[in-house]
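The values are calculated or read from the model by the stated rules, or taken from the named source; none is laboratory data. The structure displayed is predicted, hence computed values, not measured ones. Cβ: placed from backbone, ideal geometry, glycine included. Neighbour counts: every protein chain shown. Ligands, DNA and RNA are stripped out before the accessible areas are found, and what is left, the full protein with its side chains, is counted by its heavy atoms. Shrake-Rupley method; radii C 1.70, N 1.55, O 1.52, S 1.80 Å.
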Amino acid sequence: MLCLGIETSCDDTGVALVDGGRLVSNRAASQADLHAVFGGVVPEIASREHYRLLAPLYRACLADAGAKPADVDVVAVARGPGLLGSLLTGVSFAKGLALGTGARLVGVDHLHAHVLAAGLETAIPFPAVALLISGGHTNLYMLRSELELELLGRTLDDAAGEAFDKAAKVLNLPYPGGAVMDRLAAFGVVDKTMFPRPYLDNQNLDFSFSGLKTAFAHYIAGRRGIVPERLAEGSRLGSEEGARKLLGPHFQEIADICASYGWSIAETLRIKAARALDRLGDEPRAVVLAGGVACNSTVRKLVREEAAARGLAFVAPSNVLCTDNAAMIAYTGCRLAEAGLCHDLALEAVPRGSKVPRDYTACR
């Protein structure tokens, strides 16, 4: 079954082809440089860029695979959650392809696709506890199969990725700030008392990072002079020499702050995941890490160590499959279609903040 995936939930445009469980072609275009000027994603610009990029990426994806439009059996598209304008651009494009080629249409929950992304590279042992961490979501799931997800906990306000990005703004680090903070953290020393581990004095599995963001802002406000002028070349922060040159005499202090802040977030995620594993007893066989923040080196290290200490498999996709991508949409769409679950042309996009319904119909 050849499935075309389309991803336009935020500011990354992607088109991919998956044949069964095998990735055939994966094309993507990032808008990071466009939005960096504004310090974050501008929804209207994102939508216009998706509109401009989708058709060329689609043609290139087919050419990579040596395929024709008529060869595509299923068109899968991210239907939400995300920026509504961006989602509508992708959904409209997918509907046009399905109508024009006769392919089946499948709307994919963007979060479901993130959780399954690692399945493109390795088999996921089921059942598993999945920790999904991104700029907009921090969720814990019980994953009983590729199509059975039970939500165990979620963010009540700010997601972990947002906590990283907003902290980076306070430090005047370039967009996307979370990745820059992770690079700087590699040169720093963790002080486990510098920042609190938020929302742990409870027995639930939910998350809240708004208080940590406030604590970070107050901490930096009390250290006058360490915040550099706005940096335009985040790539130069990847080396110690480049970072020292750009950050000047406050390089080590900023690196230590990034390392300590990252540890507080990662340790909070680990503790909540461990709490979920404790409650589920012997049932889980693996811990799955997913979402853009799954690229963070400290998060990966602590969650991997927690899984190893319990004798569980640790499963996480490579970095290119952690961030928003069409390959995970195509893979999930393929699995849904194989199970006989599709949509008709009445498929609707679902914006962030709304629950994506399981309103599938039987495939024709």
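With the Cα gyration tensor of the range 101-140 giving a ≥ b ≥ c as the square roots of its eigenvalues, does the rule (a/c under 1.5 for rounded; else a/b larger than b/c for prolate; else oblate) give rounded, prolate or oblate?
In terms of gyration-tensor shape, oblate.
Could you give me D for the range 310-364, from Stokes-Einstein at 25 °C and 0.890 mPa s, where the hydrodynamic radius is the Kirkwood radius over C-alpha pairs? Units µm² s⁻¹, please.
D, rounded to a whole number, is 176 µm²/s.
Per residue, what volume in Å³ does the Cα convex hull of the range 154-316 take up?
That works out to 109 Å³ per residue.
Which residue fluctuates the most in the chain, going by a Gaussian network model with Cα springs under 10 Å, if the choices are Leu105, Leu212, Leu312?
Leu312
Among Val91, Val115, Tyr261, whose Cα sits farthest toward the positive end of the charge dipole of the chain (+1 at Cβ of Lys/Arg, -1 at Cβ of Asp/Glu, about the Cα centre)?
Tyr261
Compute the relative contact order of the range 5-129 as a whole-number percentage, counting only Cα pairs closer than 8 Å that sit 6 or more residues apart in sequence.
28 percent
So what's the chain giving for Rg/Rh, alpha carbon basis, Kirkwood Rh from the mean inverse pair distance?
Rounded to two decimals, Rg/Rh equals 0.98.
For the chain, what does the relative contact order come out to in percent, with C-alpha contacts under 8 Å and a separation of six or more?
Once divided by the residue count of the chain, the mean separation gives 25 percent.
With a 1.4 Å probe and every protein chain kept in, tell me what percent of the accessible surface of the range 126-238 is carbon plus sulfur.
49 percent
Could you pull the Cα extents of the range 82-192 along its three principal axes, largest to smallest, in whole Å?
Sorted from largest, the Cα extents of the range 82-192 read 57, 35, 29 Å.
Which aspartates and glutamates does Lys192 reach when only Cα atoms under 19 Å apart count, and residues fewer than 8 places away in its own chain are ignored?
The reachable aspartates and glutamates, counting only those whose Cα sits under 19 Å from Lys192, are Asp182, Asp201, Glu253, Asp256, Glu267, Glu305, Glu306.
Looking only at the chain, where both bridge partners belong to it, what percent of the DSSP beta bridges are antiparallel (to the nearest 5)?
Percentage antiparallel, nearest 5: 60.
Can you spot the lysines whose alpha carbon is less than 30 Å from Lys355's alpha carbon? Ignore those fewer than 8 places along the same chain.
In chain and number order, the partners are Lys95, Lys166, Lys169, Lys213, Lys272.
In square angstrom, what is the accessible area per residue of the range 154-316 with a 1.4 angstrom probe?
Per-residue accessible area for the range 154-316 comes out at 44 Å².
In whole percent, what relative contact order does the range 251-364 give with Cα contacts below 8 Å and a gap of six or more residues?
Result for the range 251-364 is 21 percent.
Take each complete run of DSSP H in the chain, measure how far its Cα atoms stretch along the helix's own axis, and keep only those covering 20 Å or more with mean Kyte-Doolittle hydropathy at least -1.0; list them.
The answer, listed by residue number, is 43-65, 84-101, 251-280.
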